[in-house]
Amino acid sequence: MNRIFSGVQPTGNLHLGNYLGAVRNWVRLQDQFQCLFCLVDLHAITVWQPPEALRAHTREVAAAMLAAGVDAKKHILFVQSQNPNHAELAWLFNCVARIGWLNRMTQFKEKAGKNRENASVGLYAYPNLMSADILVYKATHVPVGEDQKQHLELARDTAQKFNSDYGQDVFPLPEPMILGAGTRVMSLRDGTKKMSKSDESDYSRINMTDDAETIDLKLRKAKTDPLPLPETPDGLEGRPEAANLLGIWAALANGTRDEAVAQFAGRQFSAFKKELSELAVATLGPINAEMKRYLADPAQIDAILSEGARRARALSAPVLAEVQDIVGFLKAV
Ligand code: TRP
């Protein structure tokens, strides 16, 4: 049985980019795969998080996923720290993966910046924990964005090295599934920058917590250029804002950007934005309302997550036991 593991950091607001590029695609995978959806709080604390914010964000991301259609009964939605097996396998992988491999990780270089000496050890070892997340369930497929491909490559190398070091075929080599390719959602204020939770201007993004009115306002205020929309796709050259808004429309309408161009060819931005806003509100409004309903009842979210963790532990415990035995650890009697 093919098994999917996917992880999301419970930090900050989920926005339209996360929804179109990740969450929505996970929801669609539920028909074909057995899925584990994990809120990776152990990864989040590799850079310091205010404790109350971490707790709130963990519930918020859980609510967003449930509202977007993650089925926590058929699949597993849980918090990483509630299954200690991840951290235990991560330690073993700290002893398998090589320092040279980790030194090549571009995300560490970016996140640590100039002050590498002052980065946490956790930030450095981050990819080994990610490998453990996946392999502790022997997951076969991992939906990731482009930025996580290198980490997944490392997970494959680690699985392979473990298998060959111990002469056993324990771990499958997990396959990346690059989802949402072509749905790069850019800032509403600057079509050359990615939509980001850390952008200072809230008008640069549509948050999954935004209500219908806010979504409408943000889209109406979105930056444009003075020309009407182009007649053909080449006309988007040098017009990043037009390209972005048409791309968003296409993603929400489940079509392609070329189709969006054809549909709105030669029209004024004002008319297009009105339709875009209607579509966005129709798609995101119900999700937002459902998310609010969950967030009003944190005990319900906590119960769903606890049940998810219980089922996750039941899947990973035998794998961890198998691996500990292979390594030569004594079994507790
Ligand atoms: N590193 C991933 C990110 O920042 C999150 C993550 C943690 C993950 N563990 C994972 C993704 C395992 C896929 C599989 O997006």
>> With the structure loaded, tell me whether VAL61 is within 19 Å of GLU307 (Cβ to Cβ), within 14 Å of the ligand (Cβ to nearest atom) and part of a helix (DSSP H, G or I) or whether it fails that test.
In response: yes
> So, of the residues in region 134-151 that are β-branched (Val, Ile, Thr) and open to solvent by 10 Å² or more (accessible area, probe 1.4 Å), which turns out to be nearest to the ligand (Cβ to nearest atom)?
Replying inline: VAL144
> Right, GLN34: open to solvent by less than 30 Å² (accessible area, probe 1.4 Å) and modelled with pLDDT of 95 or more or not?
Replying inline: no
>> Among the listed residues GLU322, GLU278, identify the single one that is over 22 Å from VAL27 (Cα atoms), in contact (Cβ under 8 Å) with a residue 60 or more places away in the chain and of a type outside the set (A, V, I, L, M, F, W, C).
In response: GLU322
>> If I ask for residues that are away from the ligand (no atom under 13 Å from the Cβ), under 16 Å from ILE76 (Cβ atoms), not β-branched (Val, Ile, Thr) and not in a loop (DSSP other than H, G, I, E, B), which ones from region 23-47 would you list?
In response: GLN34
> Across region 154-174, which residue is farthest from the ligand (Cβ to nearest atom) among those that are surrounded by fewer than 16 Cβ atoms within 10 Å (Cβ to Cβ) and not hydroxyl-bearing (Ser, Thr, Tyr)?
Replying inline: GLY167
>> Between ALA63, ALA56, which is touching a Phe, Trp or Tyr at 6+ places or on another chain (Cβ under 8 Å) and either without any contact (Cβ under 8 Å) to a residue 12 or more places away in the chain or of a type in the set (Gly, Ala, Ser) (or both)?
In response: ALA63
> Is at least one residue of region 232-246 under 28 Å from the mean Cα position of the chain (by Cα) and closer than 30 Å to ASN83 by Cα?
Replying inline: no
> Does LEU66 meet the test of being within 15 Å of the ligand (Cβ to nearest atom), open to solvent by less than 30 Å² (accessible area, probe 1.4 Å) and not aromatic (Phe, Trp, Tyr)?
Replying inline: no
> Which of the following residues is of a type in the set (A, V, I, L, M, F, W, C) and surrounded by fewer than 19 Cβ atoms within 10 Å (Cβ to Cβ): ALA251, ALA260, ALA282, ALA222?
Replying inline: ALA282
> Does PHE93 satisfy the criteria of being within 15 Å of the ligand (Cβ to nearest atom), under 23 Å from PRO172 (Cβ atoms) and not in a helix (DSSP H, G or I)?
Replying inline: no
>> Could you check region 105-133 and list, in sequence order, the residues that are open to solvent by 100 Å² or more (accessible area, probe 1.4 Å) and within 16 Å of the ligand (Cβ to nearest atom)?
In response: GLU110
> So which of LEU92, LEU77 is in contact (Cβ under 8 Å) with a residue 60 or more places away in the chain and open to solvent by 10 Å² or more (accessible area, probe 1.4 Å)?
Replying inline: LEU92
> Given the conditions (1) under 25 Å from LEU54 (Cα atoms); (2) open to solvent by less than 40 Å² (accessible area, probe 1.4 Å), and given that ARG310 satisfies all but one, which numbered condition is not satisfied?
Replying inline: (2)
> Before we move on, is LEU229 in a loop (DSSP other than H, G, I, E, B) and surrounded by 15 or more Cβ atoms within 10 Å (Cβ to Cβ)?
Replying inline: yes
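The values are calculated or read from the model by the stated rules, or taken from the named source; none is laboratory data. Since the structure is predicted, the reported quantities are computational estimates derived from the model, not experimental observations. Positions of Cβ are generated from backbone atoms using ideal geometry, with glycine treated the same way; all protein chains shown enter the neighbour counts. The accessibility values were calculated without ligands, DNA or RNA, using every heavy atom of the protein model including side chains. Shrake-Rupley method; radii C 1.70, N 1.55, O 1.52, S 1.80 Å.
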